[in-house]
Amino acid sequence: MNKTVSPAALVVALIMGALSTALTVGIWSVVHTLSTPHVLEVSIPRLLAIGVATGLLWVVLRERLGGRYRYSWAVGALMSGPWFVFAPSLSPGIAVGAVVAFAVAGRVTAGSLRGIPAHNLRQDHIEELAVRILRTGALVFFVSIVLFPFLFMISSSFKTRAEYLSDPLNLGFSLSQPPAQLFNGYIEVLTRFNFGMYIFNSAVIALATVVLTLVPAILGAYAVTRLKFPGRQLLSKSILLIYMFPAIVLVIPLYSVFTQLGLRDTRLGLLIVYSAMTIPVALYMLRSYFQTLPRDLEEAALIDGLSRFGVILQITLPLSVPAIASVGLYVFMIAWNEFLFAFMFLDSPGIFTLSRGMIMLDDQEVPRQFLMAGATVITVPIMFLFFRFQRLLVGGLTAGGVKG
């Protein structure tokens, strides 16, 4: 086997090693700075130099090791040696973090060079590397902007008022403090600010909205896909017409009408609005799914004497459980998170939803960590439901994407 490496491959390895090391150790240093009271200073030139050496070492060793990528962790960890030479007074925690970060950088370097030959480097190889660089950078960027607010919210909810005011951007908090002090923000919002009652109200309204939405949506979706009646095509095409109007445009007329009807500041009024908002999108999703179901089973059941309603209950619904469950979860999340109509229609604290109750925490006299604890109480249940039923949600929503 030819053990030489072409100059072009060496240049690619040097660039990828420098980028991988700078990115990995840079992320590690930012996380360390945000999670501890101490700022970790990183020398970019030293990082780039170590990265260049990592890429060079890996591309040479790859030829000797026959492309065994399991050694890439060791290669990266080995290159943490110069780090300790440049900064010999590192604490044990930072030293361990440095070794892990450089090991990850070595693995990332090896992964980025996977499939890139050391000989006969072509243009398509360079284009593949460019795509990998852009994809990795975009992934890091979007994950960072999504995770940072959530981590900031969680960490701030566990801090005392003094810790929050002294360093608001520090994501670290002490787990050694007593539980009553650690969970003080959550205890306060659940007891002093009545968030336990708001959770109950939101759960009841969201579940009732799911029921009031699914029943007409299932019947309507079945009607527009299986029955023939005048105006069926017009109805099928205008299902989502309500979404052409922004909610802020509808809230003032609805506020006036509901006030005159005595439905404002009631759970029933909120249920009517939420159902009207979610029935069109639920009907549209279920219609797309019902179009993929075979008609033969339903026609055979009708010939055997089963009524149309019986066909829906015994054949259509069992075949549509994934789609119905995903639509129900989607409707639940909309009703749980909705703020505008809850803010405009509800005035009595006894029927506040969680999103409406959050206004009670937006006050200068209320510590910010209480606001973060309330935001966590609203966010975590929905995140749990989404990640727990993510496969069901995605599968149900895409099941009707292809007909047949």
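The values are calculated or read from the model by the stated rules, or taken from the named source; none is laboratory data. Here the structure is a predicted model, which is why all the values come from computation and not from measurement. We place every Cβ from the backbone using ideal geometry, glycine too, and count neighbours over all the protein chains shown.
Does segment 245-264 include one or more residues that are within 30 Å of Ser320 (Cβ to Cβ) and either part of a loop (DSSP other than H, G, I, E, B) or out of contact with any Gly (no Cβ under 9 Å at 6 or more places or on another chain) (or both)? Yes, segment 245-264 has at least one match. Close Cβ contacts (under 8 Å, 6 or more residues apart or on different chains) running from residues in segment 239-253 that are closer than 21 Å to Ala217 by Cα to residues that are among the aromatic types (Phe, Trp, Tyr) and surrounded by 10 or more Cβ atoms within 10 Å (Cβ to Cβ) comprise Ile239/Tyr284; Leu240/Tyr284; Ala247/Phe341. Checking each residue in segment 156-200 for being at pLDDT 85 or above, among the aliphatic types (A, V, I, L, M) and within 13 Å of Arg368 (Cα to Cα) picks out only Val189. Among the residues of segment 162-196, those that are under 29 Å from the mean Cα position of the chain (by Cα), not charged (D, E, K, R) and not in a helix (DSSP H, G or I) comprise Pro168, Leu169, Asn170, Leu171, Gly172, Phe173, Ser174, Leu175, Phe183, Phe193, Asn194. On the stretch given as segment 333-350, residues that are part of a helix (DSSP H, G or I) and surrounded by fewer than 20 Cβ atoms within 10 Å (Cβ to Cβ) total 8.
Considering each residue of segment 21-42 in turn, at least one proves to be in a helix (DSSP H, G or I), more than 30 Å from Ser156 (Cβ to Cβ) and at pLDDT 75 or above.
Checked against the criterion of being charged (D, E, K, R) and in contact (Cβ under 8 Å) with a residue 12 or more places away in the chain, the candidates Arg192, Arg161 yield just one match: Arg161. Hey, any hits in segment 151-160 for a residue that's on the phi < 0 side of the Ramachandran plot, surrounded by 14 or more Cβ atoms within 10 Å (Cβ to Cβ), outside any helix (DSSP H, G or I) and within 24 Å of the chain's Cα centre (by Cα)? Yes.
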